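What follows is one structure encoded as structure tokens, with my remarks underneath.
The values are calculated or read from the model by the stated rules, or taken from the named source; none is laboratory data. Because the structure is a prediction, the values reported are computed rather than measured. Please note: Cβ atoms are built from the backbone with ideal geometry, for glycine as well, and neighbour counts cover all protein chains shown. To get the accessible areas, we keep the full protein, side chains included, count just its heavy atoms, and leave off ligands, DNA and RNA. Shrake-Rupley method; radii C 1.70, N 1.55, O 1.52, S 1.80 Å.
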Amino acid sequence: MAIHKVMVIGAGQMGAGIAQVCAQSGYEVVLNDLSEEALDKGLKGIERQLARSVEKERMTEKEKTEVLGRLNTSRQRSDAESCDLIIEAVVENMEVKTKVFADLDEIAPEHAILASNTSSLPITEIAAATKRPDQVIGMHFMNPVPVMKLVEIIRGLQTSDETFKAIEDMTVQLSKTPVEVQDFPGFVSNRILMPMINEAIYAVYEGIASPEDIDTVMKLGTNHPMGPLTLADFIGLDTCLYIMEVLHDGFGDSKYRPCPLLRKYVKAGWLGRKSGRGFYQYE
Ligand code: CAA
Ligand code: NAD
């Protein structure tokens, strides 16, 4: 199945990055969000990244203009009617995502694939909100999208081989490495990463060491590019909490219980970098 035009729903840190790499790889892109402010912020971020690439001579000014020419923003979900692929990157909440997918199922053309960038939610359940579960799939990009090479491709129970192949081919077209994963909570990446982050938060909660020292141990002691608490702030503490809840509910195992300190921070609105405060403070 040929994919030419892509809609990305949600212009937050993931959606903007996904829109950028799609436009850079030659796809026509519509970046959609409910909020005008999010669209402005997303587009400005993309322009900044592209300007940096020109500065570093990885791209010419002409190529930058062409990439931006392929990228439009929209607050109308109805623009999905002209797209071959819709990639959803809204908040990590099943109710919100199933509502988006049910709407898209009505709007998108019959041949269109509906993909979710969910970090952990069951693709099978998201697909059940549509009448085309064979054309629903997980396309899990990593943050920051322009830099990270992996895309986990998650097969829901009813995802067809044709849908899988189209998304696998597109992932390669985006210069990323696809890995096929079955539909279980947290997939592979977050089943392994999030319990480590949650454990680091327990270490703060229990007063074992300061956030700075915990991050230093993991950076210098195990060669992680970012310490787990810096990474949690980077991902978003709300997203980390949602993922831990999905693991906890999905497996029913107490080893996945979210740390009370994580809940407290999220309740306080300390969501990490995007809100200006998490385990660290940002200007
Ligand atoms: N967007 C685009 N590019 C970015 C970026 C961003 N947000 N942040 C950094 N970069 C680019 C920089 O432009 C730079 O590129 P050039 O050198 O070519 O200009 C390059 O990345 C390196 O950046 P820096 O030198 O500023 O900093 P760094 O060496 O510390 O690298 C990092 C930054 C790539 C983010 C690195 O710290 C890292 O790999 N961190 C871990 C990221 C990670 O684990 N991501 C997965 C999160 S989990 C997830 O995504 C799944 C989920 O569902 C939650
Ligand atoms: P974010 O909070 O930065 O952005 C979410 C955006 O979605 C916001 O701009 C919001 O206005 C918009 N939105 C919310 N409801 C909407 C709707 N109904 N229609 C259109 N737009 C809507 O979140 P994020 O970090 O970009 O995460 C988005 C998704 O990607 C989540 O499912 C998350 O789990 C997943 N994800 C996140 C990361 C990460 O590191 N943050 C990594 C991989 C996957």
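Some points to look at:
- Counting only DSSP beta bridges with both residues in the chain, the antiparallel share comes to about 20 percent.
- Peptides 71-81, 2-12 ranked from most to least packed, by the mean per-residue count of other Cβ atoms within 10 Å: 2-12, 71-81.
- Alpha-carbon centroid distance for the pair the stretch 99-127 / the stretch 1-69, whole angstrom: 21 Å
- Using all pairs of distinct alpha-carbon atoms, the Kirkwood hydrodynamic radius of the chain works out to 19.5 angstrom.
- Solvent exposure of the stretch 110-252 amounts to 44 Å² per residue of accessible area, where only protein heavy atoms count and the probe is 1.4 Å.
- Pairs of lysine residues in the stretch 164-283 - Cα separation under 24 Å, sequence separation of 8 or more or cross-chain: 5
- Three-way shape call for the stretch 1-71 based on the alpha-carbon gyration tensor, with the a/c threshold at 1.5: oblate
- Distances between every pair of Cα atoms in the stretch 74-185, grouped in 5 Å steps from 0 to the bin holding the largest one, split as 2, 13, 24, 26, 21, 12, 2 percent.
- Relative contact order (%) - the stretch 113-240, alpha-carbon pairs under 8 angstrom, separation at least six: 19 percent
- Between L85, L261, L39, the Gaussian network model of the chain with springs among Cα atoms under 10 angstrom shows the greatest mean-square fluctuation at L261.
- Look at the alpha carbon pairs under 8 Å that are at least 6 residues apart: their mean separation over the length of the stretch 188-245 gives a relative contact order of 35 percent.
- Translational diffusion coefficient of the stretch 95-146 (Stokes-Einstein, Kirkwood radius from Cα pairs, 37 °C, 0.692 mPa s): 289 µm²/s.
- Estimated D of the stretch 184-273 in µm² per second, where Rh is the Kirkwood radius over Cα pairs and Stokes-Einstein applies at 37 °C, 0.692 mPa s: 250 µm²/s
- Rounded percent of accessible protein surface that carbon and sulfur make up, the chain, 1.4 Å probe: 51 percent
- Of E106, E57, E180, the one that fluctuates the most in a GNM where the chain has Cα springs shorter than 10 Å: E57
- Charge dipole (debye, nearest 20) of the chain; +1 at Cβ of Lys and Arg, -1 at Cβ of Asp and Glu: 620 debye
- GNM flexibility winner over the chain from S119, S210, S82 (Cα, springs under 10 Å): S210
- Equivalent-ellipsoid semi-axes of the stretch 125-283, from the Cα gyration tensor, Å, largest first: 31, 18, 14
- Size of the stretch 139-222: Rg and Dmax of its alpha carbons, in Å, are 17.0, 51.
- The order of the peptides 126-139, 181-194 by mean Cβ neighbours within 10 Å, most packed first, is 126-139, 181-194.
- Within the stretch 76-221, DSSP assigns beta bridges of which about 30% are antiparallel (rounded to the nearest 5).
- Computed magnitude of the charge dipole of the stretch 139-179 (debye, nearest 20; Cβ of K, R +1, Cβ of D, E -1): 160 debye
- Overall shape: oblate for the stretch 221-283, with the ratio a/c of the largest to smallest alpha carbon gyration tensor axis at 1.5 or above and b/c at least equal to a/b.
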